[in-house]
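**Student:** Attaching a single structure in structure tokens format; questions to follow.
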Amino acid sequence: MIPLTGIGYDVHRFCAGRPLVLGGVEIPSEMGLDGHSDADVLCHAIADAVLGAVGEKDIGHHFPNTDASLRGISSLELLRRVMVIIKSHGARLLNIDSSLIAEAPKVGPHVEAMRVRLGEVLGLPPARIGVKATTNESMGFVGRKEGIAALAVATVLIPDA
């Protein structure tokens, strides 16, 4: 088995009338995120990192926004499906490290709940899931509170070819 690493990035703009879901946890907020699914940027970045680690195409390829059956789907369900894909490669997820970039709302108080929810889906103990939160120092679209971005790195073990 050899270790491989993947990186993921996602961004969604804020919109009214939707809940804000990050890491599978609903966060109290006046605005949610716009997207075909529940628009959970953290789950999407993690999904891309995990898929990338095994050389798969991105989340948009596997779960396109043109697929009506995916409208409003929980991004935790998309992560469950990603885990099936990586297991088909004989891979085992070792850890996740991630960062949420948002001016508001404050997500720090919800990080532990996110780690638990993500761990349930990814088959990892929360101690092997890093979730950090930072701001963009009032710069750019995140700084103007137009949306939220997320970055993630995944490490997997996969059979050496």
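The values are calculated or read from the model by the stated rules, or taken from the named source; none is laboratory data. Bear in mind that the values here come from a model prediction, so they are computed numbers and not experimental data. In this analysis, Cβ positions are derived from the backbone assuming ideal geometry, glycine residues included, and neighbour counts consider all displayed protein chains.
**Student:** Given the condition under 13 Å from the mean Cα position of the chain (by Cα), at pLDDT 95 or above, under 26 Å from ARG13 (Cα atoms) and of a type in the set (Asp, Glu), answer yes or no: does some residue in segment 110-118 qualify?
**Tutor:** No, segment 110-118 has no match at all.
**Student:** Is there a residue in segment 113-126 that is free of Cβ contacts under 8 Å to residues at least 40 places away in the same chain, buried (at least 16 other Cβ atoms within 10 Å of the Cβ) and in a strand (DSSP E or B)?
**Tutor:** No; the residues of segment 113-126 include none that is free of Cβ contacts under 8 Å to residues at least 40 places away in the same chain, buried (at least 16 other Cβ atoms within 10 Å of the Cβ) and in a strand (DSSP E or B).
**Student:** Further question on the same structure: Find all pairs meeting these conditions: Cβ atoms under 8 angstrom apart; at least six residues apart or on different chains; first residue within segment 43-62 and crowded, with 24+ Cβ neighbours inside 10 Å; second residue in a helix (DSSP H, G or I) and among the charged types (D, E, K, R).
**Tutor:** ILE59/ASP48
**Student:** Of the numbered conditions (1) of a type outside the set (S, T, N, Q); (2) surrounded by fewer than 15 Cβ atoms within 10 Å (Cβ to Cβ); (3) in contact with a helix residue (DSSP H, G or I) (Cβ under 8 Å, 6 or more places away or on another chain); (4) touching a residue at least 12 places away in the same chain (Cβ under 8 Å), GLU137 satisfies every one except a single condition; which is it?
**Tutor:** The one condition GLU137 does not meet is (4).
**Student:** Restricting attention to segment 85-101, does a residue exist that is aliphatic (A, V, I, L, M) and in a helix (DSSP H, G or I)?
**Tutor:** Yes, there is a match, as at least one residue in segment 85-101 is aliphatic (A, V, I, L, M) and in a helix (DSSP H, G or I).
**Student:** Which of the residues spanning segment 11-26 are touching a residue at least 12 places away in the same chain (Cβ under 8 Å) and either in contact with a Ser or Thr (Cβ under 8 Å, 6 or more places away or on another chain) or within 21 Å of GLU112 (Cα to Cα) (or both)?
**Tutor:** PRO19, LEU20, VAL21, LEU22, GLY23, GLY24, VAL25
**Student:** Something else now. Which count do you get for residues in segment 41-76 that are within 15 Å of the chain's Cα centre (by Cα) and closer than 20 Å to ARG128 by Cα?
**Tutor:** Qualifying residue count, segment 41-76: 15.
**Student:** Next up: Pick from ILE96, ILE73, ILE7, ILE2: which is hydrophobic (A, V, I, L, M, F, W, C), modelled with pLDDT of 95 or more and surrounded by 19 or more Cβ atoms within 10 Å (Cβ to Cβ)?
**Tutor:** The match here is ILE96.
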